[in-house]
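Notes for the one structure printed next.
The values are calculated or read from the model by the stated rules, or taken from the named source; none is laboratory data. Quick caveat: nothing in here was measured; it's all calculated off a predicted structure. Please note: Cβ atoms are built from the backbone with ideal geometry, for glycine as well, and neighbour counts cover all protein chains shown.
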Amino acid sequence: MDYSYRKFSYKKKFCGNFLELAKLFYSASHEYKIFFSRLKINKVNFIKSIINKKNSELEQITVAYKKYNLIGLISGFPLEEFRSRKLSSLLVIRSINNSNNVINFIKKNLIKVSLKKKRFYLSKLAVNKKCEGKGIGNKLLNKLIKDIDKKKFTYISLHVEKKNHNAVSFYLNRKFQIKETSNSLIYMEKKI
């Protein structure tokens, strides 16, 4: 089966199935999944609020399609923009929910990372469960690496949940190295 890939940004807007995009986003975002279930926030409205917005987590995404069905996504940004982009998403949540719980969530969950230059942060990589094991995640990752290599980044980095053994194995098999661990997350990077 052939798959197609399309890149979207704040200049070329995503106009596909927001519900499917939201499902993929949350499958790669454990911290948001927990938070949104507590606050009962409409996930699709959140996605519509941050998709293709300049300086958001989803300013630029590449998606995979099987026929017309959205089956995968990948997004990222320069590592030095990590805090501002995460904060941007969290402030959108606060505007939707108007709750002080968001401020507490920000304080607890805004991951501290060393903001090294020339590093690209892989924010989200998700593939529909029905399509896993077909090389889609690998193709999305390779497309991203090819794109960021043109922009003179020397490393790609990411966080992955410790308990997500499939994701940890996926990245280790693609030559990512574990650089740091916390209670629930592993920080990995790869020279490109």
Task: the range 177-186, residues that are at pLDDT 90 or above and either among the hydrophobic types (A, V, I, L, M, F, W, C) or closer than 14 Å to ASN164 by Cα (or both) - done: ILE178
Open item on the list: Condition first: among the small types (Gly, Ala, Ser) and assigned to a loop (DSSP other than H, G, I, E, B). Now tell me which residues in the range 14-44 satisfy that.
Closed with: GLY16, ALA28, SER29
TODO: Please verify whether the range 45-62 includes one or more residues that are within 16 Å of the chain's Cα centre (by Cα) and assigned to a strand (DSSP E or B).
DONE: yes
Task: Matching residues in the range 63-82 - criterion: being within 12 Å of the chain's Cα centre (by Cα) and assigned to a strand (DSSP E or B) - done: VAL63, GLY72, LEU73, ILE74, SER75, GLY76, PHE77
Open item on the list: When you scan the range 105-120, do you find a residue that is touching a strand residue (DSSP E or B) at 6+ places or on another chain (Cβ under 9 Å) and modelled with pLDDT of 85 or more, even just one?
Closed with: yes
Task: Residue list for the range 170-189, restricted to those being outside any helix (DSSP H, G or I), out of contact with any helix residue (DSSP H, G or I) (no Cβ under 8 Å at 6 or more places or on another chain) and crowded, with 16+ Cβ neighbours inside 10 Å - done: PHE176, LEU185, TYR187, GLU189
